[in-house]
Amino acid sequence: MKPDSDGEERDVLEIQRTSPDLMCAWHWLTTAETRAAGVNSLFTTLRQSVRPIDSDARAALGRLLRDRACITRGREVVRNAHQYGWSLAYTLAWLSVSGGNSVMPPWVRHQFPQAGELVRNLRDVPCADPACGWCRERHDAARELKRWFGFAEFRPEPLDEYGQPMQQAIVEAAMRGRHSLAILPTGTGKSLCYQIPALSRYDKTGALTVVISPLVALMSDQVTGLEARGITCAAALNGLLSMPERSDVLDRVRLLAEAARRSRRGSVPRGAARAAGDARGAV
Ligand SMILES: [Zn+2]
């Protein structure tokens, strides 16, 4: 954590200026043990303040998680924050930059596996509280459709057996992580059925989604279409790419795949990582 250059020191001081709550939480979370005297001294210097008392640190944590996570899980995490230490410190660091192209480094997930679990619990496990803005907004298929693609509603046809748009039913099932087999006619919006859950999960947790497609032209069209909407976190991998293009895509995919693999400590089938690298049609 010790700044080892002028640039890094400026960055830390900028964080102290723009987000004192983050520095307060980091200070408290990383210095629970007496042997952390050096870290405590560093934060005391940077913050110009001694280690925060528990109530101040928990209040800062509550503010940091507000609007960035489920309020029900957030309350639980704040209540048990003293158990998490560095893991929660890294979780907060990632939450502060999530939504862009930032990925939690594989070594963090490896050394602090609880950090990845905290992100998933805080953002990808919906609660039932109607007052939870995060879950009501970010686990709602229709709102995610509007947020990513600007459409007010799903296609009215075809309908499922309950009279609900089929597209919506498929997206909702995928967003809940349910295994699904969906068969739709051409031109009824199949792409959104996997794009919305994939984008939603990536935005919430940084997770990688691999889409296998037999149609090379369609893959390129979809990535181009997403980029036209300002969505730059998708890439196509196929035999038509030049070597530099292929290398660039693989680097991006490898980083995510490695992070996912380590976060699940080997529970991801080896074939999944292979699919990301070898598939002739991964979007
Ligand atoms: Zn919630």
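The values are calculated or read from the model by the stated rules, or taken from the named source; none is laboratory data. Because the structure is predicted, anything quoted here is derived from the model rather than measured. Cβ coordinates were reconstructed from backbone atoms using ideal geometry, including for glycine residues, and neighbour counts include every protein chain displayed.
When residue 94 is tested against (1) at pLDDT 95 or above; (2) surrounded by 18 or more Cβ atoms within 10 Å (Cβ to Cβ); (3) not hydroxyl-bearing (Ser, Thr, Tyr), just one condition goes unmet, and that condition is (1).
Selection within the stretch 129-154: residues that are aliphatic (A, V, I, L, M) and in contact (Cβ under 8 Å) with a residue 12 or more places away in the chain. The member of this set that is nearest to the ligand (Cβ to nearest atom) is 131. What about residue 47, is it farther than 14 Å from residue 85 by Cβ and within 16 Å of the ligand (Cβ to nearest atom)? Here the answer is no, as residue 47 does not meet what is asked.
Residues checked against (1) within 20 Å of residue 171 (Cα to Cα); (2) within 12 Å of the chain's Cα centre (by Cα); (3) of a type in the set (D, E, K, R):
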site: 109; (1), (2), (3): no, no, yes
site: 116; (1), (2), (3): no, yes, no
site: 121; (1), (2), (3): no, yes, no
site: 142; (1), (2), (3): yes, no, no
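When only residues in the stretch 123-140 that are within 15 Å of the chain's Cα centre (by Cα) and of a type outside the set (Asp, Glu) count, which is nearest to residue 164 (Cα to Cα)? Top of the filtered list is 139. Considering the conditions (1) in contact with a Ser or Thr (Cβ under 7 Å, 6 or more places away or on another chain); (2) within 27 Å of residue 105 (Cα to Cα), residue 219 is excluded by exactly one of them, (2). Residue selection: residue 193 satisfies the criterion of being modelled with pLDDT of 95 or more and buried (at least 21 other Cβ atoms within 10 Å of the Cβ). Looking across 73, 68, 79, 63, one residue alone is away from the ligand (no atom under 16 Å from the Cβ) and basic (Lys, Arg). It is 63. If a residue must be at pLDDT 95 or above, in a loop (DSSP other than H, G, I, E, B) and of a type in the set (D, E, K, R), how many such residues does the stretch 60-77 contain? Matching residues across the stretch 60-77 total 0. Checked against (1) more than 14 Å from the ligand (Cβ to nearest atom); (2) out of contact with any Pro (no Cβ under 8 Å at 6 or more places or on another chain); (3) closer than 27 Å to residue 94 by Cβ, residue 174 passes all but condition (2). Within the stretch 188-224, the set of residues being part of a loop (DSSP other than H, G, I, E, B), under 21 Å from residue 142 (Cβ atoms) and of a type in the set (Gly, Ala, Ser) comprises just one member, 189. Checked against (1) over 18 Å from residue 196 (Cα atoms); (2) in contact with a helix residue (DSSP H, G or I) (Cβ under 8 Å, 6 or more places away or on another chain); (3) of a type outside the set (Asp, Glu), residue 80 meets all criteria but (2). The set of residues in the stretch 111-128 that are within 10 Å of the ligand (Cβ to nearest atom) and not in a loop (DSSP other than H, G, I, E, B) comprises 122, 123. Close Cβ contacts (under 8 Å, 6 or more residues apart or on different chains) running from residues in the stretch 205-217 that are within 21 Å of residue 69 (Cβ to Cβ) and touching a residue at least 12 places away in the same chain (Cβ under 8 Å) to residues that are assigned to a loop (DSSP other than H, G, I, E, B) and aliphatic (A, V, I, L, M) comprise 206/103; 206/104.
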